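Before any comments, here is the structure.
The values are calculated or read from the model by the stated rules, or taken from the named source; none is laboratory data. All of these numbers come straight from a predicted model, not from anything done at the bench. Cβ atoms come from the backbone with ideal geometry, glycine included; neighbour counts cover every protein chain shown.
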């Protein structure tokens, strides 16, 4: 991930960034940002427009993370037919890695 415009290294509303996911180069803008509660961005690439949101809810044992995404465009429609579980598996991988990083704790300074 590379921040193109906005504060670094943190995200904030309006931060523009470029990243690679599932083999696709994406450009995004942070649309919602409420620390420890919510993060959402749009995503654009040839043939794909998407909106991805992360909701975090504190619990007695840590937090619950809910992530949802909506996609539009011809590549999104093709992916639905040719790789029907790819997004589910990819998002689950993101959640698993987020849990792993959370369990590792804050990085040392």
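Points to keep in mind about this one:
- The lone criterion from (1) out of contact with any strand residue (DSSP E or B) (no Cβ under 6 Å at 6 or more places or on another chain); (2) not in a loop (DSSP other than H, G, I, E, B) left unmet by residue 108 is number (2).
- Look at (1) surrounded by 10 or more Cβ atoms within 10 Å (Cβ to Cβ); (2) in contact (Cβ under 8 Å) with a residue 24 or more places away in the chain and you find that residue 16 fails only one, number (2).
- Number of the condition not met by residue 102 [criteria: (1) over 19 Å from residue 44 (Cβ atoms); (2) in a helix (DSSP H, G or I); (3) without any contact (Cβ under 8 Å) to a residue 40 or more places away in the chain]: (3)
- When the residues of the range 46-87 are filtered to those that are exposed (fewer than 14 other Cβ atoms within 10 Å of the Cβ) and under 17 Å from residue 20 (Cα atoms), the one that is modelled with the lowest pLDDT is 86.
- Residue that is farthest from residue 67 (Cα to Cα), among those in the range 21-41 that are touching a strand residue (DSSP E or B) at 6+ places or on another chain (Cβ under 9 Å) and loosely packed, with under 11 Cβ neighbours inside 10 Å: 25
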